[in-house]
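*Asks:* First the structure, which I've put down as structure tokens, then a few questions once you've had a look.
The values are calculated or read from the model by the stated rules, or taken from the named source; none is laboratory data. Note that this is a predicted model, so its numbers are computed, not measured. Note: ideal-geometry Cβ built from the backbone for every residue, glycine included; neighbour counts use all protein chains shown. Accessible surface areas use protein heavy atoms only, side chains included; no ligands, DNA or RNA. Shrake-Rupley method; radii C 1.70, N 1.55, O 1.52, S 1.80 Å.
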Amino acid sequence: MARYKLGVLLFIGCTTLGLAQDEGLVGNANSPYSKLRSLALDDVRWTAGFWYTQFEVEKQTTLPFMWGLYHDAEVTHAYRNFEIAAGNMKGTHDGPSFHDGDFYKIMEGMASVYATTKDKKLDKQMDEAIAMIAKTQRDDGYIHTPVLIEERWGTLGPEELKKQLGFEKYNMGHLMTAASIHHRATAKDNFLNVAIGVADYLYDFYQKASPDLARNAICPSHYMGVVEMYRTTGDPKYLELANHLIDIRGTTADGTDDNQDRIPFRDQTTAMGHAVRANYLYAGIADLYAETGEDKLLQNLESIWEDVVYRKMYITGGCGSLYDGVSPDGTSYDPSVVQKIHQAYGRPYQLPNATAHTETCANIGNVLWNWRMLQISGDAKYADVLELTLYNSVLSGMNLEGNKFLYNNPLNVSEYLPFEQRWGHQRKGYIALSNCCPPNVTRTLAQVQNYAYSLSDDGLYVNLYGSNALETKMADGKTIKLHQVSNYPWDGAVKIIIDKAPKNTFEMFLRIPGWSQSSSVSVNGKQVSTSGKPGTYLALERLWKKGDVITLDLPMPVELMQANPLVEATKNQVTVKRGPLVYCLESESLPEDVSINEVVLDVEAGFTPETLTIKGRTLTALRANVKVKNSSSWEHQLYRPLNTGSTKNYQVDLIPYFAWGNRDAKEMSVWLSF
């Protein structure tokens with residue numbers, strides 16, 4: 001068991017030199033190429049409304065459920081693997097090779113909740129787990145329980161062990177990130193000491209290993225983790241390592257588009273391959289750019305972002321349209337260069353609905369990537385995608401009660417599909433063999449408050465809306481306190497009340513969402529003459545004082561959205577959107593003999609917001625009218641003459657997409673004929 005102590009670099013890197021402490025979700029307080037900076041983990045608390053309710057679900061249900069699940073050796077074996085690796089008992093590694101990383105995600109979620117609650121039980125649980133993790137660590141810093149169990153007990157054998165190596169760097173990446181968050185939340189070094197050992201091991205490993213040997217690094221969470229270790233400790237060798245990881249990527253003969261390493265990253269301009277691996281990679285490279293400012297990295301990230309957002313992303317913010325694809329798709333007849341890809345970004349505009357993969361982890365990766373792009377640039381377009389994804393394809397990955405989860409997030413569910421998809425559309429407490437998404441949702445929803453604001457040299461950026469209280473220090477060290485009152489996303493009325501302000505002028509930057517076409521802003525009841533342009537930040541500069549009130553009104557009319565005509569799956573269909581929320585129709589609103597795919601939305605009849613309660617959660621539904629033509633069964637028919645017969649009219653309730661699947665409905669669709 002190795003013991004690592006924080007060296008002087010941590011303290012030289014921050015305190016002694018008088019630099020800002022790295023205390024945020026992303027430790028970019030001193031990142032030279034980041035326009036915005038994260039606030040400290042405990043600076044923002046939800047006080048009421050949507051995200052307050054979600055945080056309470058996280059605190060009271062999701063975290064305790066996940067902690068118990070990952071300690072249940074009969075179900076997950078995740079914590080038991082650490083016990084066996086530590087020598088507490090003899091046994092065999094069981095479960096996916098990424099189980100270690102999933103447990104670290106839960107630890108990160110616990111640390112994030114602890115930051116604002118100071119819950120002593122959470123602190124004790126984390127300390128117990130950290131002690132067990134530290135006990136497994138090799139003297140050289142290495143941690144990966146399949147290997148450590150094999151070294152101690154020899155139960156797997158070389159062939160099985162080889163299969164377990166693919167996710168070792170992924171696991172280490174999540175450990176380093178979780179340890180950095182834990183250190184910022186608790187001011188303790190116990191987990192960070194373990195992470196320093198891991199980071200030192202990786203530095204030494206990549207100094208000596210050939211690129212071919214170093215290739216077993218799929219789902220590259222270690223890019224984010226290594227940069228975060230640099231930010232947390234100030235040790236420059238970790239930044240050197242992050243650069244080296246990019247330099248050697250795509251330089252081996254056995255690279256794949258699935259893993260985004262067939263060609264070097266600096267040659268990549270479009271999104272390709274496994275969507276989770278891709279989005280994690282892009283987030284990690286954004287972290288690296290924030291430290292180095294290498295233009296080529298940012299140029300490629302911007303090009304890839306445009307490819308995703310304008311050609312490959314679902315209206316829910318979901319990423320990775322295909323269960324299985326090939327690459328290069330349609331550009332070569334040479335079998336030696338055509339590769340199978342799973343959970344793939346497809347071709348541009350290839351966005352099926354019923355067979356959409358959109359793994360929850362890929363959607364979370366989209367949040368991680370856009371958050372970092374926002375911090376680098378201060379461009380509101382990244383906040384728009386972050387918000388869209390959080391409210392729709394991340395939240396849909398968990399039920400309203402907080403204890404069942406989805407691996408993939410389809411946009412259409414039909415009981416008449418004559419096949420079962422690899423991952424079902426029913427949420428489960430444990431997704432056998434692929435339970436990576438539930439812990440990822442767990443940590444993400446514990447951290448939404450950390451996305452709400454950012455700091456810059458000029459002032460405070462307001463990224464997300466919802467009732468919360470903020471107390472933080474501005475770039476010059478002076479304190480600002482404010483609270484926000486809003487029923488967002490159900491209502492676009494927002495009030496920001498200043499409770500304490502520095503005695504100098506500074507700017508408040510209010511995000512005007514891209515969907516908002518007629519916003520208005522007033523300060524202390526006086527209308528601001530400059531209107532906010534959709535998809536930008538509106539800057540308000542003045543000498544702010546206690547009692548000042550900013551009123552922002554973001555009208556939320558119902559919008560009918562259509563897709564680019566090149567998206568074949570949605571021709572002659574629309575979806576309904578209100579504010580940041582995408583809506584869907586469930587068969588719960590239809591007679592039993594009506595299929596969701598036979599419904600025609602009456603777009604002329606209008607939509608009426610209605611209060612609806614599902615599983616104890618109060619939501620805003622949209623009352624709408626639909627038409628259904630009298631039709632016979634399609635069994636044993638692929639084509640038939642157009643039905644021009646009579647129709648029946650029904651009133652239905654459209655519900656937010658994130659809430660689908662929480663009732664007994666058998667079918668669901670985001671896109672509807674009109």
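*Asks:* Using a ≥ b ≥ c from the Cα gyration tensor of segment 568-674 (square roots of the eigenvalues), is it rounded, prolate or oblate, where a/c under 1.5 gives rounded and otherwise the larger of a/b and b/c decides, a/b for prolate?
*Replies:* Judged from the Cα gyration tensor, segment 568-674 comes out prolate (a/c at least 1.5, a/b above b/c).
*Asks:* At a Förster radius of 41 Å, what calculated FRET efficiency corresponds to the Cβ-Cβ distance of residue 647 and residue 553, to the nearest 0.05?
*Replies:* With R0 = 41 Å, the Cβ-Cβ based efficiency is 0.55.
*Asks:* Can you give me the Cα centroid spacing of segment 406-422 and segment 335-397 in angstrom?
*Replies:* 19
*Asks:* List the equivalent ellipsoid semi-axes of segment 237-360 in whole Å, largest first, each obtained as the square root of 5λ for an eigenvalue λ of the Cα gyration tensor.
*Replies:* Equivalent-ellipsoid dimensions as semi-axes: 25, 18, 12 Å.
*Asks:* So what is the relative contact order of the chain, in percent, for Cα pairs below 8 Å that sit 6 or more residues apart?
*Replies:* For the chain, the relative contact order is 12 percent.
*Asks:* Another question, then. Starting from segment 116-214, pick out the trypsin sites (Lys or Arg not before Pro) whose DSSP state is loop and whose Cβ has at most 13 other Cβ atoms within 10 Å.
*Replies:* Loop-located and lightly packed - 118.
*Asks:* Taking 7 Å along the Cα-to-C-beta vector as the label spot, tell me the residue 531-residue 270 distance in nanometres, rounded to one decimal.
*Replies:* 3.8
*Asks:* Continuing with this model, one more query. By how many nm would the segment from residue 381 to residue 416 grow when fully extended, if each residue of separation counts as 0.36 nm and the alpha-carbon distance is taken off?
*Replies:* Between residue 381 and residue 416, full extension yields an extra 8.7 nm.
*Asks:* Also, I was wondering about something else. So for the pair residue 56, residue 247, with labels modelled 7 Å out along Cα→Cβ, what separation do we get in nm?
*Replies:* Those two pseudo-labels are separated by 5.3 nm.
*Asks:* Sorted by average packing, counted as other Cβ atoms within 10 angstrom per residue and highest first, what order do 426-439, 384-397 take?
*Replies:* The peptides rank, most packed first, as 384-397, 426-439.
*Asks:* Pull out a ≥ b ≥ c, the square roots of the eigenvalues of the alpha-carbon gyration tensor of segment 348-410, then state rounded if a/c is under 1.5, prolate if not and a/b is larger than b/c, and oblate in the remaining case.
*Replies:* oblate
*Asks:* Set Lys and Arg Cβ to +1 and Asp and Glu Cβ to -1, take the dipole of segment 544-674 about its Cα centre, and tell me which of 605, 576, 556 lies farthest positive.
*Replies:* The listed residue farthest towards the positive side: 556.
*Asks:* Cα convex hull of the chain: how many Å³ per residue?
*Replies:* Spread over its residues, the Cα hull of the chain gives 161 Å³ apiece.
*Asks:* Rounded, prolate or oblate: pick one for segment 290-420, where a ≥ b ≥ c are the square roots of the eigenvalues of its C-alpha gyration tensor, a/c under 1.5 means rounded, and failing that, prolate if a/b is larger than b/c, else oblate.
*Replies:* Verdict is oblate for segment 290-420.
*Asks:* Oh, and also: What does the highest-first list of 355-368, 62-75, 596-609 look like by mean Cβ count within 10 Å?
*Replies:* 355-368, 62-75, 596-609
*Asks:* Right, next: I need the Kirkwood Rh of segment 392-519: take the reciprocal of the average 1/r across all distinct C-alpha pairs and report it in angstrom.
*Replies:* One over the average 1/r among Cα pairs gives 17.9 Å for segment 392-519.
*Asks:* Could you tell me which of 259, 459, 360 has its Cα farthest along the dipole of the chain towards the positive end, charges placed at Cβ (Lys, Arg +1; Asp, Glu -1), taken about the Cα centre?
*Replies:* 459
*Asks:* Please list the non-local residues whose amide H lies under 5 Å from the amide H of residue 492, H modeled 1.01 Å from N, same-chain partners needing a gap of 5 or more.
*Replies:* Excluding prolines and chain starts, which carry no amide H, the hits are 554, 556.
*Asks:* So how much slack lies between residue 517 and residue 310, counting 0.36 nm per residue of separation and subtracting their Cα-Cα distance, in nm?
*Replies:* My answer for the length gained is 72.5 nm.
*Asks:* DSSP beta bridges in the chain, what fraction antiparallel, as a percent rounded to 5?
*Replies:* Looking only at bridges with both residues in the chain, the antiparallel portion is about 95 percent.
*Asks:* With a 1.4 Å probe and all protein chains in place, put 80, 422 in order of accessible area, largest first.
*Replies:* Descending order: 422, 80.
*Asks:* Dividing the convex hull volume of the Cα atoms of segment 101-197 by its residue count, what figure in Å³ per residue is obtained?
*Replies:* For segment 101-197, the hull spanned by Cα atoms encloses 87 Å³ per residue.
*Asks:* Report the calculated FRET efficiency for residue 560 and residue 636 (r = Cβ-Cβ distance, R0 = 41 Å), to the nearest 0.05.
*Replies:* The pair residue 560/residue 636 has a calculated efficiency of 0.70.
*Asks:* Calculate, in nm to one decimal, what residue 469 and residue 499 gain on full extension: separation in residues at 0.36 nm each, minus their alpha carbon distance.
*Replies:* So the chain would gain 9.8 nm between residue 469 and residue 499.
*Asks:* How large is the dipole of the chain about the Cα centre if only Lys and Arg carry +1 and Asp and Glu carry -1, each at its Cβ, rounded to the nearest 20 debye?
*Replies:* I would put it at about 1320 debye.
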